[in-house]
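K.L.:
Here's a structure for you.
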Amino acid sequence: MKFRYFLLVVGLFAMLLACKQPESETRRGYSPPIGKHMQMVQFKLPSLTDNAVLDSKELEGKVLLVTFFATWCPPCIQEIPTFIELQDSYKGKGFSVVAFSVDEGDPELLNKLIEKYGINYPVLLADLEIARGFGGVSGIPVTFLVNRKGEIVKKYLGYVEHDVLEEELQKMLAAG
């Protein structure tokens, strides 16, 4: 019995570590080099936000912030107001946030989170194929900046401050 509790504690500790990045990397948003730009994976998945199916082809020609998150990850939840604000400010300019949840099981927790925060961007359930399509997701939150050609141009590990994302978006949207 003690061994099971030990495993539970170790598992919870590992989840928290996977969810948190060192302060030096998260203060303004750490973006490791991603090398040659990779094409974003194609998908056709139901959105929990509006109960419609989102086809990635509908996003062609848009600048995207694609984020992977979970309901149990505090830095992930902390980013939601930034994503809502960016979606409101730039959706009419060829931009969208797309969120992939790595939560498993009943989506009721996700539905409650969407309602509580008034999430205004598509929230989809991620699977292994989607995670691989973004070069693998080894920790959360992780956010990708995708240009109008569908190429992943930046990867942000951990919490990213609003002003960092907005500055990058403005550059990307101005570039056409």
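K.L.:
Give me the extension gain from ASN120 to GLU108: residue separation times 0.36 nm, minus the current Cα-Cα distance, reported in nm with one decimal. Before the final figure, lay out the partial values.
P.N.:
Numbers: separation 12, 0.36 × 12 = 4.32 nm, distance 1.74 nm.
The ASN120-GLU108 span can extend by a further 2.6 nm.
K.L.:
Quick one: plug the Kirkwood hydrodynamic radius of the range 131-176 (C-alpha pairs) into Stokes-Einstein at 37 °C, 0.692 mPa s, and report D in µm²/s.
P.N.:
Value of D from the Cα-based Kirkwood radius: 286 µm²/s.
K.L.:
Now a separate question. Run the reach check for LYS154 against aspartates and glutamates, Cα to Cα strictly under 12 Å, same-chain hits fewer than 8 apart removed. What comes back?
P.N.:
Those aspartates and glutamates meeting the cut-off are GLU168.
K.L.:
Continuing with the same structure: What FRET efficiency comes out for SER138 versus LYS93 if R0 is 22 angstrom and r is the Cβ-Cβ distance? Round to the nearest 0.05.
P.N.:
On the way: r = 32 Å, r/R0 = 1.44.
So, using R0 = 22 Å, E works out to roughly 0.10.
K.L.:
Ok, one more. Of LYS62/LYS171; LYS112/LYS155; LYS93/LYS116; LYS112/LYS171, which ones are farther than 25 Å apart at the Cα?
P.N.:
The pairs that break the limit, which is 25 Å between Cα atoms, are LYS112/LYS155; LYS93/LYS116; LYS112/LYS171.
K.L.:
Per residue Cα convex hull volume for the range 88-133, in cubic angstrom? Intermediate values should be presented prior to the final figure.
P.N.:
On the way: hull volume 3.3 nm³, N = 46.
Dividing the Cα hull volume of the range 88-133 by its residues yields 72 Å³.
K.L.:
Still on this structure: For the range 103-169, what is the Kirkwood hydrodynamic radius in Å, using each pair of distinct C-alpha atoms?
P.N.:
Result for the range 103-169 stands at 13.9 Å.
K.L.:
Also, quick follow-up: Divide, for the range 55-133, the radius of gyration over alpha carbons by 2.2 N^0.38 Å, where N is the residue count.
P.N.:
Cα-based Rg divided by the globular estimate yields 1.08.
K.L.:
Within a Cβ distance under 10 Å of ASN120, other residues only, what is the Lys/Arg minus Asp/Glu net charge?
P.N.:
Value of the local net charge: -2.
K.L.:
Around PHE134, with a cut-off of 13 angstrom between Cβ atoms, what is the net charge of the other residues, counting Lys and Arg +1 and Asp and Glu -1?
P.N.:
Neighbour charge sum, excluding PHE134 itself: 0.
K.L.:
Then there's this: Carbon-plus-sulfur fraction of the accessible area of the range 39-176, 1.4 Å probe, in percent?
P.N.:
51
The values are calculated or read from the model by the stated rules, or taken from the named source; none is laboratory data. Here the structure is a predicted model, which means the values were calculated and not measured. Every residue, glycine among them, receives a Cβ derived from its backbone with ideal geometry; neighbour counts consider all protein chains shown. Please note that ligands, DNA and RNA were not included when accessible areas were found on the heavy atoms of the full protein model with its side chains. Shrake-Rupley method; radii C 1.70, N 1.55, O 1.52, S 1.80 Å.
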